[in-house]
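What follows is a short report on a single structure.
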Amino acid sequence: MTRWQRVKVQFRTWWPYYLMLAPGVIYFALFHYFPIWQAKLAFEDFRIFGPNIWVGFKHFASLFASPVFFSVLLNTLLISGMKIIFVFPVPILVALMINEVNGTRLRQVIQSAIYLPHFLSWVVIAGIFIAALSPSDGVINEMRGWFGLSPEPFMTQSASIRWVVVFSEIWRSAGWDSLLYFAAIMAIDPQLYDAAEMDGASRWQKIWYVTLPGIAPTIATLFILNVGLFMSAGFDQIFNLSNDAIRDQIDILDTYVYRLGLQSGQFSLATAAGLFKGLIGMVLILAAHTISKRLTGKGVW
């Protein structure tokens, strides 16, 4: 049987699975692989009619000469850094706490409750936080009033808006992201816990010496992937939570590219900013992978 005949036989056998795979392949081809070729627009002057004109690094020079770009870059680094520090560990803690819950029924109820926010769009979540943090009738300021504290305009206050971004991200993603860690915990050999208990280990010691080492490869892999997305601070979230009063505090590269490209029509400059973000992300994920390999022996590949 020739190679082509084997392919035909496999396709006839597995065609339902290939059919289910097709939408994902088409999505990635259109929105992830095809744009790689169009990244050359960063080195050209875009023309609606006629061929584009090659200008080299002109748009990158314009980008780096703009004070707005560096302000946006700083916001991106600050918000992404806060998410790595304060958001990334929370799903690990949630998975550890769920694992300690006795009773399958209670565990299922808790999991269903904490997974729910993941399925809400950022439009809905932003509406919830805007209503809850309202200085006039928001529940948070109502509770502050019980203790004699004055209302705070959290959504229009520069000192608090970044923390609103962080807490809204935790509320939405902590439960769902804990799934991978919980699955890794379930894969740990139960005999290790039995051996630790026979040695007189307490609950905390079993978590420290059995559970955490068991999920360390999962933590390392997800940390590397999160570092690779460091320059993507969350367009949907920022776009829906921002307003004119605090825009300069949470304006990030993604929203900056959106304004340049879709609102101002500066497609070449927007592509240059997007390409810069992509290159930095690639460098970060390679660096994180290399460091993780040397320190823990675990990496993405």
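Values quoted throughout were computed directly from the atomic coordinates according to the rules given, and no laboratory measurement underlies them. Just so we're clear, the structure is a prediction, and the values are computed from it rather than from any experiment. Note that we place each Cβ from the backbone using ideal geometry, even for glycine, and neighbour counts take in every protein chain shown.
Placing +1 on each Lys and Arg Cβ and -1 on each Asp and Glu Cβ, with no other charges, gives the chain a dipole about its Cα centre of roughly 1160 debye. Model label points for Leu120 and Ala245, set 7 angstrom from Cα along the Cα-to-Cβ axis, are 2.1 nm apart. Apply the Debye scattering formula to segment 1-56, with a single equal point scatterer on each alpha-carbon and no solvent, then give log10 I(q)/I(0) at q = 0.26 Å⁻¹. The computed values of log10 I(q)/I(0) come out as -0.99.
Would you order Thr255, Thr156, Thr271, Thr13 from fewest to most other beta-carbon atoms within 10 Å of each residue's own beta-carbon?
Thr13, Thr156, Thr255, Thr271
In order along segment 57-73, the Karplus-derived 3J(HN,Hα) couplings, from 6.51 cos²θ - 1.76 cosθ + 1.60 at θ = phi - 60°, round to 9, 4, 6, 5, 4, 5, 5, 6, 8, 8, x, 5, 4, 5, 5, 5, 4 Hz, and Gly and Pro are given as x.
Using a 10 Å cut-off around each Cβ, can you sort His32, His289 from fewest to most neighbouring Cβ atoms?
On the way: His32 9, His289 20.
Lowest to highest Cβ neighbour count: His32, His289.
Add -39500 (n - 2.57) for each DSSP H run of 4 or more in the chain, then divide by its residues: what number comes out at 222 nm, to the nearest 500 deg cm²/dmol? Taking each H run of at least 4 residues, the total per residue is -21000 deg cm²/dmol. Highest mobility in the GNM of the chain, judged by mean-square fluctuation with C-alpha springs under 10 Å and restricted to Met155, Met282, Met186, is found for Met186.
Note on Ala39/Ala201: beta-carbon distance plugged into 1/(1 + (r/R0)^6) with R0 of 51 Å gives a FRET efficiency of 0.45. Placing a label point 7 Å from the Cα of Ser264 along the Cα-to-Cβ direction, the residues of segment 23-55 whose backbone N falls under 19 Å of that point are 41-48, 55. Using only alpha-carbon positions in the chain, the gyration tensor eigenvalues give semi-axes of 38, 33, 20 Å once each is multiplied by 5 and square-rooted (largest first).
Rounded to the nearest whole Hz, the Karplus-based 3J(HN,Hα) values (6.51 cos²θ - 1.76 cosθ + 1.60, θ = phi - 60°) of segment 236-249 follow the sequence 4, 5, 5, 4, 7, 8, 7, 8, 4, 6, 10, 4, 5, 8, with x at glycine and proline.
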